[in-house]
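Undergrad: The structure is given below, and queries will be raised subsequently.
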Amino acid sequence: MNALDLVKEVAVKYDFGTHECLDRTYLVMELLSYVSEHPQVKANEEWRELADTAHGALWKLYQSIGAVDDPQPDDTQSTYSRLCKAENHHA
């Protein structure tokens, strides 16, 4: 497989909307940290648990989206390393 074929393979799998969703999830997690760290939330056990639950759910969402956003054709080699090998092969 040459570099162009690999880029085409990844482009078919890659969706900018997925990357954008990943980014937005990260932003929401960052904003939630302001709530989680607020003294009123820290002082209230129920609010602290709810904030922790929300953060855990967002983290799982972030990881799930990230797994789709970085498609790996197999378990051993990232797309980036495959591209580097394909480019070096033809150099």
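The values are calculated or read from the model by the stated rules, or taken from the named source; none is laboratory data. What you see is a predicted model, and the numbers here were worked out from it, not measured in a lab. As a convention, Cβ positions derive from the backbone with ideal geometry for all residues, glycine included, and neighbour counts pool all protein chains shown.
Undergrad: Out of Gln63, Gln40, I need the residue that is at pLDDT 95 or above, surrounded by fewer than 14 Cβ atoms within 10 Å (Cβ to Cβ) and either part of a helix (DSSP H, G or I) or under 12 Å from the mean Cα position of the chain (by Cα) (or both). Which one? Quick ask: steps written out before the conclusion?
TA: On the way: Gln63 fails: at pLDDT 95 or above.
Among Gln63, Gln40, only Gln40 is at pLDDT 95 or above, surrounded by fewer than 14 Cβ atoms within 10 Å (Cβ to Cβ) and either part of a helix (DSSP H, G or I) or under 12 Å from the mean Cα position of the chain (by Cα) (or both).
Undergrad: Hey, could you check the range 1-37 for residues that are over 14 Å from Gly56 (Cα atoms) and among the small types (Gly, Ala, Ser) and say which is modelled with the lowest pLDDT?
TA: Restricting to residues being over 14 Å from Gly56 (Cα atoms) and among the small types (Gly, Ala, Ser), the top hit is Ala11.
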